[in-house]
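Remarks on the structure that follows.
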Amino acid sequence: MARRQSTAVVYEFVRFGIKQGWACLFGGIAVALMIATWRYYPATAPLARYDFLFLCMIAVQIVLLGTRLETLDEAKVIVIYHVVGTVMEIFKTSVGSWIYPEPSFFRIAGVPLFTGFMYSCIGSYLCRVWRLFDFRFERHPPRWALVALSIAIYVNFFAHHYMPDLRIVLFAAAALLFSRTTIYFKVWGDYRSMPLLLGLALVTLFIWFAENIGTLTKTWLYPSQQHGWAMVSPAKFGSWFLLLIISYTLVSLINKPRVRIEPRRASPVMPELKAV
């Protein structure tokens, strides 16, 4: 359709960015709210900033469902990940891993309830990007193995405070499971591909960027940031990578990974598809 190859490349690049931005809708709104409330929310307002964020995120979720930008099945995954994240937040703040420095009414054991939506943003992104880019896979890991790995990851986030940290073992297990997996995604007319591990790493990088924005806006703080902001430790990249695998596993349970099968030579149609 584009007469010049360079025009097609530019168009596909722009289309890729727009689709990614659309997939990040929930997360983008959350980040925008953190920045806006940090700069402009009145300190004397009767409603605490954290509570305002909580009510805003509930409203956004309702709108996404009401406009069918998210399906009920996707919402179930988001809610599950929200609960998983909130439970971990309660534990992690109790052992001093990070703090929420501002007061709030909607909270459990010192954890503002809006924080679960930070995890929901990741689940929402994966659900939407899966659908928008029409994901297909080669040599996708069996989902039972992903479930087992995700359970081990989640348990380790609690257990490493009392016993040796098995994070290196979990990284190795993730590399073993995903090392041969290729993801195919449709930006325009053709499917593009990349190693799934690379895709997960890139998503993790942007989550780490968002976490830096979260701490810069004092939405939450690590102990090293209480006397002045500093960039979040790159070591957190590994933590978010492991948490992303949990979210990816949950999404894969409702979106059965489809295998891309090369079409027969005599057939000009798109590749046949089947679910694993």
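Rundown of residues vs (1) within 17 Å of the chain's Cα centre (by Cα); (2) under 21 Å from K218 (Cβ atoms); (3) surrounded by 15 or more Cβ atoms within 10 Å (Cβ to Cβ), yes/no style:
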position: A23; (1), (2), (3): yes, no, yes
position: V31; (1), (2), (3): yes, yes, yes
position: R39; (1), (2), (3): no, yes, no
position: V77; (1), (2), (3): yes, no, yes
position: V84; (1), (2), (3): yes, no, yes
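Being hydroxyl-bearing (S, T, Y), surrounded by 16 or more Cβ atoms within 10 Å (Cβ to Cβ) and in contact with a His (Cβ under 7 Å, 6 or more places away or on another chain): is that true of T181 here? It is true that T181 is hydroxyl-bearing (S, T, Y), surrounded by 16 or more Cβ atoms within 10 Å (Cβ to Cβ) and in contact with a His (Cβ under 7 Å, 6 or more places away or on another chain). Annotation note: Cβ proximity below 8 Å between a residue of region 155-168 that is within 16 Å of L244 (Cα to Cα) and a residue that is loosely packed, with under 13 Cβ neighbours inside 10 Å and at pLDDT below 95 (sequence gap 6+ or interchain) occurs for N156/D165; R167/H160. Of the residues making up region 174-212, those that are among the β-branched types (V, I, T) and either in a helix (DSSP H, G or I) or at pLDDT 95 or above (or both) are T181, T182, I183, V203, T204, I207. Yes or no: V147 buried (at least 19 other Cβ atoms within 10 Å of the Cβ) and either within 20 Å of the chain's Cα centre (by Cα) or in a helix (DSSP H, G or I) (or both)? The answer is no for V147. So which residues in region 217-237 are surrounded by 15 or more Cβ atoms within 10 Å (Cβ to Cβ), at negative phi and in contact (Cβ under 8 Å) with a residue 24 or more places away in the chain, if there are any at all? Passing the criteria: T217, T219, W220, L221, Y222, V232, K236, F237.
The values are calculated or read from the model by the stated rules, or taken from the named source; none is laboratory data. Here the structure is a predicted model, which means the values were calculated and not measured. Neighbour counts are summed over all protein chains in view; Cβ atoms, including those assigned to glycine, are modelled from backbone coordinates with ideal geometry.
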